[in-house]
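J.: Please see the structure below; I have some questions.
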Amino acid sequence: MTARLTPTDIETAADLLRAGSLVAFPTETVYGLGADAQNPGAVAAIFEAKGRPHFNPLICHYPTAAAAFAHVEASPIAEKLAAAFWPGPLTLVLPRRPTCPVAQLAGAGLKTLAIRVPAHPVAQALIAALGRPIAAPSANRSGSISPTTATHVAAQLTGRIAAIIDAGPSTVGVESTVLDLSTPTPFLLRPGGISLEALESLIGPIARIADAATLRSPGQQLSHYAPNLPLRLNATSIAADEAQLAFGPALPASLTFQLSESKNLAEAASRLFEALHWLDTNAPAQNLHAIAAMPIPNHGLGLAINDRLTRAAAPRS
Ligand code: AMP
Ligand code: MG
(Lines give C-alpha, C1' and ligand atoms only; values in the text may rest on other atoms or scores of the structure.)
(Ligands and ions follow the chains in the order given, each with its own letter.)
Protein backbone atom coordinates (compact mmCIF):
# COMPACT_ATOMS: atom_id res chain seq x y z
CA MET A 1 0.00 0.00 0.00
CA THR A 2 1.19 3.50 -0.81
CA ALA A 3 -0.35 6.20 1.43
CA ARG A 4 -1.22 9.59 -0.04
CA LEU A 5 -0.10 12.24 2.47
CA THR A 6 -0.44 16.03 2.58
CA PRO A 7 2.11 18.60 3.81
CA THR A 8 0.37 18.49 7.23
CA ASP A 9 1.45 14.83 7.62
CA ILE A 10 5.20 15.57 7.91
CA GLU A 11 5.57 13.73 11.23
CA THR A 12 3.93 10.59 9.77
CA ALA A 13 6.29 10.78 6.79
CA ALA A 14 9.34 11.27 9.04
CA ASP A 15 8.28 8.25 11.14
CA LEU A 16 8.11 6.13 7.97
CA LEU A 17 11.62 7.26 6.97
CA ARG A 18 12.87 6.55 10.51
CA ALA A 19 11.46 3.02 10.19
CA GLY A 20 13.48 2.51 6.98
CA SER A 21 10.55 2.98 4.56
CA LEU A 22 10.54 5.05 1.37
CA VAL A 23 8.60 8.31 1.03
CA ALA A 24 8.23 10.34 -2.18
CA PHE A 25 8.25 14.08 -1.46
CA PRO A 26 8.11 17.34 -3.42
CA THR A 27 11.19 19.43 -4.15
CA GLU A 28 11.38 22.54 -6.32
CA THR A 29 13.07 20.53 -9.11
CA VAL A 30 11.09 17.25 -9.35
CA TYR A 31 9.57 14.82 -6.82
CA GLY A 32 12.23 12.85 -4.92
CA LEU A 33 12.13 9.28 -3.63
CA GLY A 34 13.48 9.67 -0.11
CA ALA A 35 15.17 7.35 2.37
CA ASP A 36 17.13 7.95 5.58
CA ALA A 37 20.60 8.44 4.04
CA GLN A 38 22.26 6.85 7.08
CA ASN A 39 20.24 3.62 6.88
CA PRO A 40 21.94 1.28 4.36
CA GLY A 41 18.87 -0.96 4.08
CA ALA A 42 16.59 1.97 3.32
CA VAL A 43 19.05 3.31 0.73
CA ALA A 44 19.21 -0.13 -0.88
CA ALA A 45 15.40 -0.13 -1.08
CA ILE A 46 15.53 3.00 -3.27
CA PHE A 47 17.53 1.14 -5.92
CA GLU A 48 15.08 -1.76 -5.65
CA ALA A 49 11.94 0.39 -5.99
CA LYS A 50 13.34 2.33 -8.97
CA GLY A 51 15.02 -0.60 -10.70
CA ARG A 52 18.12 1.62 -10.60
CA PRO A 53 21.61 0.22 -11.31
CA HIS A 54 23.70 0.22 -8.11
CA PHE A 55 26.55 2.12 -9.76
CA ASN A 56 24.38 5.21 -10.04
CA PRO A 57 24.88 7.31 -6.88
CA LEU A 58 22.15 9.34 -5.14
CA ILE A 59 22.01 12.97 -4.04
CA CYS A 60 21.85 13.61 -0.27
CA HIS A 61 19.57 16.43 0.83
CA TYR A 62 20.49 18.59 3.84
CA PRO A 63 18.76 21.33 5.85
CA THR A 64 21.68 23.80 5.59
CA ALA A 65 25.10 24.22 3.99
CA ALA A 66 26.69 23.83 7.43
CA ALA A 67 25.02 20.44 7.91
CA ALA A 68 26.09 19.33 4.42
CA PHE A 69 29.69 20.49 4.82
CA ALA A 70 29.94 18.50 8.07
CA HIS A 71 29.83 15.35 5.87
CA VAL A 72 32.06 16.45 2.97
CA GLU A 73 35.22 18.53 2.53
CA ALA A 74 34.08 21.94 1.31
CA SER A 75 36.36 24.22 -0.72
CA PRO A 76 36.21 28.04 -0.95
CA ILE A 77 34.37 27.65 -4.30
CA ALA A 78 31.86 25.30 -2.70
CA GLU A 79 31.25 27.81 0.12
CA LYS A 80 30.77 30.60 -2.40
CA LEU A 81 28.29 28.60 -4.50
CA ALA A 82 26.40 27.48 -1.41
CA ALA A 83 26.05 31.07 -0.20
CA ALA A 84 24.73 32.18 -3.60
CA PHE A 85 22.49 29.29 -4.68
CA TRP A 86 21.38 27.32 -1.59
CA PRO A 87 18.70 26.54 -0.85
CA GLY A 88 18.06 25.79 -4.52
CA PRO A 89 18.50 23.50 -7.54
CA LEU A 90 22.30 23.05 -7.36
CA THR A 91 24.07 19.79 -6.37
CA LEU A 92 27.76 19.79 -5.45
CA VAL A 93 29.99 16.70 -5.62
CA LEU A 94 32.72 16.85 -2.96
CA PRO A 95 35.07 14.40 -1.18
CA ARG A 96 33.43 12.53 1.73
CA ARG A 97 34.89 13.15 5.15
CA PRO A 98 36.23 9.99 6.81
CA THR A 99 33.57 10.49 9.52
CA CYS A 100 30.69 10.84 7.01
CA PRO A 101 27.84 8.62 8.36
CA VAL A 102 25.95 8.44 5.04
CA ALA A 103 25.52 4.86 3.78
CA GLN A 104 28.26 3.91 1.29
CA LEU A 105 25.65 2.68 -1.16
CA ALA A 106 24.11 6.19 -1.37
CA GLY A 107 27.39 7.30 -2.96
CA ALA A 108 27.70 4.02 -4.89
CA GLY A 109 30.91 3.34 -2.96
CA LEU A 110 32.64 6.45 -4.39
CA LYS A 111 35.01 8.65 -2.37
CA THR A 112 32.78 11.61 -3.23
CA LEU A 113 29.23 12.51 -2.20
CA ALA A 114 26.63 14.61 -4.02
CA ILE A 115 24.94 17.11 -1.68
CA ARG A 116 22.11 19.62 -2.03
CA VAL A 117 20.03 21.93 0.15
CA PRO A 118 16.55 22.01 -1.42
CA ALA A 119 14.37 25.13 -1.27
CA HIS A 120 10.94 23.49 -1.17
CA PRO A 121 9.32 24.10 2.24
CA VAL A 122 7.94 20.53 2.42
CA ALA A 123 11.36 19.03 1.63
CA GLN A 124 12.89 21.30 4.27
CA ALA A 125 10.26 20.33 6.85
CA LEU A 126 10.75 16.62 6.16
CA ILE A 127 14.54 16.80 6.52
CA ALA A 128 14.14 18.78 9.77
CA ALA A 129 11.58 16.30 11.14
CA LEU A 130 13.87 13.34 10.36
CA GLY A 131 16.92 15.10 11.79
CA ARG A 132 19.18 13.38 9.25
CA PRO A 133 19.98 13.87 5.56
CA ILE A 134 17.60 12.30 3.06
CA ALA A 135 19.05 10.38 0.11
CA ALA A 136 16.76 10.92 -2.86
CA PRO A 137 16.87 10.39 -6.60
CA SER A 138 13.92 11.38 -8.75
CA ALA A 139 10.77 9.40 -7.85
CA ASN A 140 10.35 7.52 -11.13
CA ARG A 141 11.28 4.05 -12.38
CA SER A 142 14.86 4.10 -13.69
CA GLY A 143 15.06 5.38 -17.26
CA SER A 144 11.52 6.78 -17.31
CA ILE A 145 10.29 10.37 -17.26
CA SER A 146 10.95 12.31 -14.04
CA PRO A 147 7.86 13.21 -11.96
CA THR A 148 6.76 16.80 -11.38
CA THR A 149 3.46 15.87 -9.69
CA ALA A 150 2.35 13.30 -7.09
CA THR A 151 0.19 11.71 -9.80
CA HIS A 152 3.30 11.02 -11.93
CA VAL A 153 4.91 9.36 -8.89
CA ALA A 154 1.83 7.26 -8.13
CA ALA A 155 1.63 6.03 -11.73
CA GLN A 156 5.17 4.62 -11.56
CA LEU A 157 5.71 3.64 -7.91
CA THR A 158 2.36 2.75 -6.28
CA GLY A 159 2.78 -0.44 -4.26
CA ARG A 160 6.59 -0.08 -4.26
CA ILE A 161 6.90 2.73 -1.68
CA ALA A 162 5.25 3.56 1.68
CA ALA A 163 3.89 7.05 0.94
CA ILE A 164 3.75 10.06 -1.36
CA ILE A 165 3.46 13.61 -0.01
CA ASP A 166 1.36 15.65 -2.46
CA ALA A 167 2.12 19.38 -2.49
CA GLY A 168 1.20 20.21 -6.08
CA PRO A 169 3.50 20.58 -9.12
CA SER A 170 7.25 21.24 -8.82
CA THR A 171 8.05 24.79 -9.93
CA VAL A 172 11.52 24.43 -11.53
CA GLY A 173 10.55 21.20 -13.30
CA VAL A 174 14.01 19.93 -14.30
CA GLU A 175 16.51 18.31 -11.95
CA SER A 176 19.30 20.15 -10.16
CA THR A 177 22.49 21.21 -11.89
CA VAL A 178 25.24 18.78 -10.78
CA LEU A 179 28.71 20.30 -10.43
CA ASP A 180 31.78 18.21 -9.55
CA LEU A 181 34.10 20.18 -7.26
CA SER A 182 36.25 17.21 -6.27
CA THR A 183 38.79 17.92 -9.05
CA PRO A 184 40.91 21.10 -9.50
CA THR A 185 38.64 22.47 -12.25
CA PRO A 186 34.87 22.54 -11.58
CA PHE A 187 33.16 20.14 -13.97
CA LEU A 188 29.52 20.20 -15.07
CA LEU A 189 28.13 16.68 -14.69
CA ARG A 190 24.52 17.56 -15.47
CA PRO A 191 22.93 20.79 -16.68
CA GLY A 192 19.87 21.65 -14.59
CA GLY A 193 17.84 24.23 -12.70
CA ILE A 194 20.72 26.71 -12.19
CA SER A 195 22.15 27.84 -15.51
CA LEU A 196 25.81 27.37 -16.46
CA GLU A 197 25.98 31.13 -17.13
CA ALA A 198 24.86 31.93 -13.56
CA LEU A 199 27.48 29.59 -12.10
CA GLU A 200 30.30 30.84 -14.33
CA SER A 201 29.54 34.48 -13.55
CA LEU A 202 30.30 33.66 -9.90
CA ILE A 203 33.23 31.19 -10.10
CA GLY A 204 34.66 31.52 -13.63
CA PRO A 205 35.01 28.84 -16.30
CA ILE A 206 33.45 25.42 -15.74
CA ALA A 207 34.63 22.42 -17.77
CA ARG A 208 32.09 20.23 -19.50
CA ILE A 209 31.80 17.66 -22.21
CA ALA A 210 29.54 19.14 -24.86
CA ASP A 211 28.42 15.69 -25.96
CA ALA A 212 25.46 14.36 -23.97
CA ALA A 213 26.88 10.86 -24.36
CA THR A 214 29.43 11.51 -21.58
CA LEU A 215 29.64 8.73 -19.04
CA ARG A 216 31.75 10.61 -16.48
CA SER A 217 28.74 10.93 -14.15
CA PRO A 218 27.66 7.34 -13.52
CA GLY A 219 23.95 8.14 -13.86
CA GLN A 220 24.25 9.97 -17.12
CA GLN A 221 23.41 7.14 -19.49
CA LEU A 222 22.44 8.41 -22.91
CA SER A 223 18.96 6.87 -22.96
CA HIS A 224 17.04 8.33 -20.03
CA TYR A 225 13.88 10.30 -19.28
CA ALA A 226 12.35 8.16 -22.00
CA PRO A 227 8.69 8.45 -22.97
CA ASN A 228 7.08 5.32 -24.46
CA LEU A 229 6.75 7.04 -27.83
CA PRO A 230 9.77 7.76 -30.05
CA LEU A 231 10.85 11.39 -29.96
CA ARG A 232 12.18 13.44 -32.90
CA LEU A 233 14.18 16.61 -32.16
CA ASN A 234 14.47 19.99 -33.92
CA ALA A 235 11.27 19.46 -35.90
CA THR A 236 10.38 22.22 -38.34
CA SER A 237 7.21 20.45 -39.53
CA ILE A 238 4.95 17.83 -37.93
CA ALA A 239 4.07 14.61 -39.80
CA ALA A 240 0.52 13.26 -39.90
CA ASP A 241 1.26 10.52 -37.34
CA GLU A 242 3.18 12.78 -34.92
CA ALA A 243 2.14 14.76 -31.84
CA GLN A 244 3.83 18.11 -31.33
CA LEU A 245 5.96 19.42 -28.47
CA ALA A 246 5.82 23.14 -29.21
CA PHE A 247 8.09 26.00 -28.10
CA GLY A 248 6.86 29.34 -29.41
CA PRO A 249 4.10 29.63 -32.03
CA ALA A 250 2.98 26.05 -32.75
CA LEU A 251 3.21 24.34 -36.15
CA PRO A 252 0.11 22.75 -37.68
CA ALA A 253 -0.51 19.39 -35.89
CA SER A 254 -3.46 17.34 -34.66
CA LEU A 255 -2.20 17.21 -31.06
CA THR A 256 0.08 19.77 -29.38
CA PHE A 257 1.55 20.37 -25.95
CA GLN A 258 2.79 23.96 -25.68
CA LEU A 259 5.93 24.35 -23.50
CA SER A 260 5.95 28.14 -23.74
CA GLU A 261 4.09 30.23 -26.30
CA SER A 262 6.29 33.25 -25.41
CA LYS A 263 9.54 31.19 -25.62
CA ASN A 264 10.24 31.58 -21.90
CA LEU A 265 12.85 28.91 -21.02
CA ALA A 266 11.98 28.79 -17.29
CA GLU A 267 8.32 28.18 -18.14
CA ALA A 268 9.32 25.50 -20.67
CA ALA A 269 11.57 23.74 -18.12
CA SER A 270 8.79 23.72 -15.53
CA ARG A 271 6.42 22.05 -18.03
CA LEU A 272 8.85 19.67 -19.79
CA PHE A 273 8.23 16.39 -17.93
CA GLU A 274 4.49 17.10 -17.65
CA ALA A 275 4.54 17.49 -21.45
CA LEU A 276 6.23 14.11 -22.02
CA HIS A 277 3.85 12.35 -19.60
CA TRP A 278 0.84 14.03 -21.23
CA LEU A 279 1.85 13.29 -24.83
CA ASP A 280 2.64 9.67 -23.95
CA THR A 281 -0.85 9.32 -22.45
CA ASN A 282 -2.86 11.22 -25.07
CA ALA A 283 -1.16 10.61 -28.43
CA PRO A 284 -1.97 6.88 -28.83
CA ALA A 285 -5.74 7.51 -28.54
CA GLN A 286 -5.46 9.74 -31.62
CA ASN A 287 -3.42 7.16 -33.51
CA LEU A 288 -0.25 9.23 -33.24
CA HIS A 289 2.90 7.11 -33.00
CA ALA A 290 5.67 9.60 -32.25
CA ILE A 291 6.46 12.98 -30.69
CA ALA A 292 8.14 15.76 -32.69
CA ALA A 293 9.80 18.53 -30.67
CA MET A 294 10.42 22.03 -32.02
CA PRO A 295 13.98 23.43 -31.59
CA ILE A 296 14.88 25.02 -28.24
CA PRO A 297 17.81 27.46 -27.89
CA ASN A 298 20.83 26.00 -26.10
CA HIS A 299 21.46 28.69 -23.48
CA GLY A 300 20.26 29.29 -19.92
CA LEU A 301 17.75 26.61 -18.90
CA GLY A 302 17.66 25.54 -22.56
CA LEU A 303 20.87 23.55 -21.89
CA ALA A 304 19.05 21.40 -19.30
CA ILE A 305 15.94 21.07 -21.48
CA ASN A 306 17.97 19.97 -24.54
CA ASP A 307 20.00 17.54 -22.39
CA ARG A 308 16.78 15.84 -21.22
CA LEU A 309 15.25 15.84 -24.72
CA THR A 310 18.44 14.40 -26.28
CA ARG A 311 18.35 11.54 -23.79
CA ALA A 312 14.61 11.03 -24.28
CA ALA A 313 15.25 10.77 -28.04
CA ALA A 314 18.30 8.48 -27.80
CA PRO A 315 18.18 4.84 -28.96
CA ARG A 316 16.88 2.74 -26.06
CA SER A 317 19.43 0.43 -24.49
P1 AMP B 1 19.15 11.75 -9.65
O2 AMP B 1 19.30 11.55 -8.17
O3 AMP B 1 18.39 10.66 -10.34
O4 AMP B 1 18.64 13.11 -9.96
O5 AMP B 1 20.62 11.67 -10.22
C6 AMP B 1 21.69 12.24 -9.52
C7 AMP B 1 22.82 12.52 -10.47
O8 AMP B 1 23.97 12.92 -9.75
C9 AMP B 1 23.19 11.27 -11.24
O10 AMP B 1 23.41 11.61 -12.58
C11 AMP B 1 24.44 10.80 -10.56
O12 AMP B 1 25.27 10.05 -11.40
C13 AMP B 1 25.07 12.11 -10.12
N14 AMP B 1 25.92 11.89 -8.95
C15 AMP B 1 25.52 11.64 -7.70
N16 AMP B 1 26.58 11.42 -6.89
C17 AMP B 1 27.69 11.54 -7.66
C18 AMP B 1 29.09 11.42 -7.41
N19 AMP B 1 29.56 11.15 -6.20
N20 AMP B 1 29.92 11.60 -8.44
C21 AMP B 1 29.45 11.89 -9.68
N22 AMP B 1 28.14 12.02 -9.98
C23 AMP B 1 27.25 11.84 -8.98
MG1 MG C 1 16.58 10.79 -12.06
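The values are calculated or read from the model by the stated rules, or taken from the named source; none is laboratory data. Predicted, not measured: the structure shown is a model, and the values here were computed from it. Virtual Cβ from ideal backbone geometry, glycine too; neighbours counted across all protein chains shown.
J.: Only one of (1) under 17 Å from the mean Cα position of the chain (by Cα); (2) in a loop (DSSP other than H, G, I, E, B); (3) of a type outside the set (F, W, Y); (4) surrounded by fewer than 21 Cβ atoms within 10 Å (Cβ to Cβ) fails for T148. Which number is that?
T.: T148 satisfies all of (1) under 17 Å from the mean Cα position of the chain (by Cα); (2) in a loop (DSSP other than H, G, I, E, B); (3) of a type outside the set (F, W, Y); (4) surrounded by fewer than 21 Cβ atoms within 10 Å (Cβ to Cβ) except (4).
J.: If you go through segment 166-182 one residue at a time, how many are assigned to a loop (DSSP other than H, G, I, E, B) and within 11 Å of ligand 1 (Cβ to nearest atom)?
T.: Filtering segment 166-182 for residues assigned to a loop (DSSP other than H, G, I, E, B) gives 166-176, 181-182.
In the following step, the residues that additionally are within 11 Å of ligand 1 (Cβ to nearest atom) were identified as 174-176, 181-182.
Count: 5.
J.: When R116 is evaluated against the numbered criteria (1) among the basic types (K, R); (2) surrounded by fewer than 24 Cβ atoms within 10 Å (Cβ to Cβ); (3) within 16 Å of ligand 1 (Cβ to nearest atom), which criterion, by number, is the only one it fails?
T.: Failed condition: (2).
J.: Looking only at helices (runs of 4 or more DSSP H) that lie completely in segment 31-137, which have at least 2 residues being more than 29 Å from T149 (Cβ to Cβ)?
T.: Where helices (runs of 4 or more DSSP H) fall fully within segment 31-137 and carry at least 2 residues being more than 29 Å from T149 (Cβ to Cβ), they are 65-69, 76-85.
J.: Return yes or no: is T185 modelled with pLDDT of 95 or more, away from ligand 1 (no atom under 13 Å from the Cβ) and either in contact with a Lys or Arg (Cβ under 9 Å, 6 or more places away or on another chain) or among the β-branched types (V, I, T) (or both)?
T.: The answer is no for T185.
J.: From the list G219, G300, G248, pick out the single residue that is at pLDDT below 90, assigned to a loop (DSSP other than H, G, I, E, B) and of a type outside the set (S, T, N, Q).
T.: So the residue among G219, G300, G248 that is at pLDDT below 90, assigned to a loop (DSSP other than H, G, I, E, B) and of a type outside the set (S, T, N, Q) is G219.
J.: Hey, another quick one. In this structure, is S144 out of contact with any Leu (no Cβ under 8 Å at 6 or more places or on another chain) and either of a type outside the set (K, R) or away from ligand 2 (no atom under 15 Å from the Cβ) (or both)?
T.: Details: out of contact with any Leu (no Cβ under 8 Å at 6 or more places or on another chain): yes; either of a type outside the set (K, R) or away from ligand 2 (no atom under 15 Å from the Cβ) (or both): yes.
Considered against the rule, which asks whether it is out of contact with any Leu (no Cβ under 8 Å at 6 or more places or on another chain) and either of a type outside the set (K, R) or away from ligand 2 (no atom under 15 Å from the Cβ) (or both), S144 comes out as yes.
J.: Tell me which residues, restricted to segment 186-197, are crowded, with 17+ Cβ neighbours inside 10 Å and either away from ligand 2 (no atom under 16 Å from the Cβ) or not small (G, A, S) (or both).
T.: If the condition is that a residue be crowded, with 17+ Cβ neighbours inside 10 Å and either away from ligand 2 (no atom under 16 Å from the Cβ) or not small (G, A, S) (or both), then P186, F187, L188, L189, R190, P191, I194, S195, L196 are the ones that fit.
J.: Another one. Taking segment 6-42 as the region of interest, how many residues are in contact with a Lys or Arg (Cβ under 6 Å, 6 or more places away or on another chain) and either polar (S, T, N, Q) or closer than 22 Å to P89 by Cβ (or both)?
T.: Count: 1.
J.: Kindly establish whether A3 is in contact with a Lys or Arg (Cβ under 8 Å, 6 or more places away or on another chain), among the small types (G, A, S) and in contact (Cβ under 8 Å) with a residue 24 or more places away in the chain.
T.: no
J.: Working carefully through the options T171, T151, T183, find the one that is more than 16 Å from ligand 2 (Cβ to nearest atom) and more than 21 Å from R271 (Cα to Cα).
T.: Just one listed residue meets the conditions, T183.
J.: Okay, next question. Checking the structure you have, find out if any residue of segment 295-314 is surrounded by 21 or more Cβ atoms within 10 Å (Cβ to Cβ) and in contact with an Asp or Glu (Cβ under 7 Å, 6 or more places away or on another chain).
T.: Taking every residue of segment 295-314 in turn, none turns out to be surrounded by 21 or more Cβ atoms within 10 Å (Cβ to Cβ) and in contact with an Asp or Glu (Cβ under 7 Å, 6 or more places away or on another chain).
J.: What do you reckon, is I161 in a loop (DSSP other than H, G, I, E, B), touching a Pro at 6+ places or on another chain (Cβ under 9 Å) and modelled with pLDDT of 95 or more?
T.: Values: in a loop (DSSP other than H, G, I, E, B): yes; touching a Pro at 6+ places or on another chain (Cβ under 9 Å): no; modelled with pLDDT of 95 or more: yes.
Criteria not met by I161.
J.: Now for a separate question. Does R160 satisfy being within 13 Å of ligand 2 (Cβ to nearest atom) and touching a residue at least 12 places away in the same chain (Cβ under 8 Å)?
T.: So R160 does not fit the description; no.
J.: Next up: Does E261 meet the test of being touching a Gly at 6+ places or on another chain (Cβ under 8 Å), among the acidic types (D, E) and modelled with pLDDT of 95 or more?
T.: So E261 fits the description; yes.
J.: Restricting attention to segment 20-38, report how many residues are among the acidic types (D, E) and within 23 Å of G193 (Cα to Cα). Please lay out each step first, then the result.
T.: Filtering segment 20-38 down to residues among the acidic types (D, E) leaves 28, 36.
Checking which are within 23 Å of G193 (Cα to Cα) leaves us with 28.
Residues that pass the stated criteria total 1.
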